[in-house]
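Structure first, commentary second.
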Amino acid sequence: MYNKYTLKFVHLVSVISFLLLTISIQAQRNGDSFSFQGFDEPNDLSVRALAGGGAYTATSGNLDALFYNPAGLAGIKKLQISISAASRSKSWQDNQIWYPGGSYLLLPQYMENLYTPPKEFNGIWSDSLGSPLGLSWNPADFRQPVTGEDPYSEEAADFENTISNFGLNNIAVAYPFQLLNKNVVVSAAYSFSYGSVDFDWNGDHLDPHWGTSISLEGAAPQDSIVRSNWDVYTRERSLGTSTIKGGVGIQLSDLFELGVGITTIMGSTDDVMRLDRIGYFKFIQGGDNWSFSYENRSQIIKGTSDFSATAFNTGGIITFDNLSLGINLQLPYTIERDWSYNRVTNSAEGTTTEPIKGTDKMKIPLGYNLGIKFKPLKTLSVQFDYEHKPYGSSELTTTVGYENDSSQPVWQDQKTISAGVEFKVADNLSLLAGYRSRTAAFITYGAAIRNEGFPIESYTVGLSYQILIGTLDLAYEIRSLKYYDVYFTSRNYTMVTSSNLLVGYTISL
């Protein structure tokens, strides 16, 4: 029985490598290197729109339309100036579970940190130590795994991290005027840099990882020795980028509004990737013999990424008595990343430092938003949005020598469904609530569905209160993503949660 599972195990050893020597072109799956992580998540700039789940494509007459559909600017009749602030908190939980296989029954105890082998075992082959839990193995040295817990729960997590920040969100202005008897509105906004846009941890980072994608039979001769390094991997991208938005809306008739917009992305992120070596395994290809050795080694890649992009969009809104239909087209654009890092390696041989730098470019095709707004009652409005971002058709070019295969898509297509409701409880007070489901832009290893990412779900509530010469808006969002990576010998469960509180005030003159 052991030989049967062992052969399956060894023959399915993956040659996928995620060494920090490589700048990966993939998205933000567990253990991947830096690319454009964080830019698939919307930076919700409109407080009122977020309170309603982000369904805002068919809404007109409010400055917030600048961020969703510039055609909605055309309904503004007075000068509007707004400012908002945001408090954001994001948490990551990782739970890594290992499964036994053949003569490698002991490896899950190593990878789960349930057994700490003595250094005297370094490099000694398993057939010399005796079979698992026999001869040289003392059962009293083994700890029991956590059982019966939700694998995504805090109790089951092997690692947790939380990053919070608070600051100004954006400043925006809209100015209406008459041109050829048409209402024309010009608008502009500046959004401030916001906190951490990416984080990842992998306590069982193996190179190569035992996976399910490629057999090692053709890569390593029979009876040869195969080495797999075991590291703790962390990756963090902090600070962020700012955006400048501009838009023009024109009311062509009582039924139709048209708008165009421009967005400029700029700014830098501080990037850190780290591998802290625990040790390494050696295996006999085609056999069932293995050994483990500790190794003192670390590698850090640290530096900055400078991002830049200019994108255009255009939209339209058709308005009937109690119904509005909206569309917004995000025209094709290119986002560029100029990165400059220092790679520092610490080992028994000493410390080496190597500067590395390069440029990555991602061309994103045409995307679109569709929206509908319905008012069944004078005091009640309901909105629905559908958004499609064709990330799966993106084209990526990277610095020569650091790319894997630039013909592969960077991300998967992202689809977002949003729904929101607004109820006017008084002349000066409205309550809002919403729901948004967005697919992640990356596909995890071994996921059953291969053409769509796991859902990112958001629940939002808020209010809009007219006070003095303006309107005070509040929005609160809870966002969550659950996903897993499946290998032949392990499954990694990751839970990402966010809580965001936004407050804004809009003056109308």
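Determine which member of the set ASP276, ASP306 is within 20 Å of the chain's Cα centre (by Cα), surrounded by 15 or more Cβ atoms within 10 Å (Cβ to Cβ) and on the phi < 0 side of the Ramachandran plot. Explain how you work it out, then say what you get.
On the way: ASP276 fails: within 20 Å of the chain's Cα centre (by Cα).
It is ASP306.
Within segment 180-209, can you find the residues that are under 30 Å from ILE76 (Cα atoms) and either within 17 Å of the chain's Cα centre (by Cα) or modelled with pLDDT under 85 (or both)?
At the first step, the residues of segment 180-209 found to be under 30 Å from ILE76 (Cα atoms) are 180-194.
Correct list: SER193, TYR194.
Report, by residue number, each residue of segment 430-447 that is polar (S, T, N, Q) and either touching a Lys or Arg at 6+ places or on another chain (Cβ under 7 Å) or without any contact (Cβ under 8 Å) to a residue 12 or more places away in the chain (or both).
Within segment 430-447, the subset polar (S, T, N, Q) is 430, 437, 439, 444.
Answer for segment 430-447, where residues must be polar (S, T, N, Q) and either touching a Lys or Arg at 6+ places or on another chain (Cβ under 7 Å) or without any contact (Cβ under 8 Å) to a residue 12 or more places away in the chain (or both): SER430, THR439, THR444.
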**OP:** Counting only residues that are modelled with pLDDT of 95 or more, hydroxyl-bearing (Ser, Thr, Tyr) and farther than 30 Å from GLU477 by Cα, give me the strands (runs of 3 or more DSSP E) lying completely in segment 336-449 with at least 1 of them.
**Re:** 350-364
Original post:
Within segment 359-388, restricting attention to residues that are out of contact with any Asp or Glu (no Cβ under 8 Å at 6 or more places or on another chain) and among the aromatic types (Phe, Trp, Tyr), which residue is surrounded by the most Cβ atoms within 10 Å (Cβ to Cβ)?
Top reply: PHE384
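Please specify each residue of segment 454-502 satisfying the condition of being among the β-branched types (Val, Ile, Thr) and over 24 Å from the mean Cα position of the chain (by Cα). Full working, then the answer.
Our first condition is that a residue be among the β-branched types (Val, Ile, Thr); within segment 454-502, this holds for 456, 460-461, 467, 469, 471, 478, 486, 489, 494, 496-497.
Matches in segment 454-502: ILE467, ILE469, THR471, THR489.
So how many residues does segment 330-358 have that are of a type in the set (A, V, I, L, M, F, W, C) and either under 30 Å from ASP385 (Cα atoms) or exposed (fewer than 14 other Cβ atoms within 10 Å of the Cβ) (or both)? Please lay out each step first, then the result.
The first filter runs over segment 330-358 and keeps only residues of a type in the set (A, V, I, L, M, F, W, C), leaving 331, 335, 339, 344, 348, 356.
In the following step, the residues that additionally are either under 30 Å from ASP385 (Cα atoms) or exposed (fewer than 14 other Cβ atoms within 10 Å of the Cβ) (or both) were identified as 331, 335, 348.
Number of matching residues: 3.
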Original post:
Pairs under 7 Å by beta carbon, first residue under 30 Å from GLU336 (Cβ atoms) and without any contact (Cβ under 8 Å) to a residue 60 or more places away in the chain in segment 243-269, partner crowded, with 17+ Cβ neighbours inside 10 Å and of a type in the set (Lys, Arg), six or more apart or different chains?
Top reply: THR263/LYS245
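On the given criteria, is GLY316 farther than 22 Å from PHE36 by Cα, touching a Ser or Thr at 6+ places or on another chain (Cβ under 8 Å) and at pLDDT 95 or above?
Working: farther than 22 Å from PHE36 by Cα: yes; touching a Ser or Thr at 6+ places or on another chain (Cβ under 8 Å): no; at pLDDT 95 or above: yes.
Taking the combined requirement at face value, the residue does not satisfy it.
The values are calculated or read from the model by the stated rules, or taken from the named source; none is laboratory data. Bear in mind that the values here come from a model prediction, so they are computed numbers and not experimental data. As a convention, Cβ positions derive from the backbone with ideal geometry for all residues, glycine included, and neighbour counts pool all protein chains shown.
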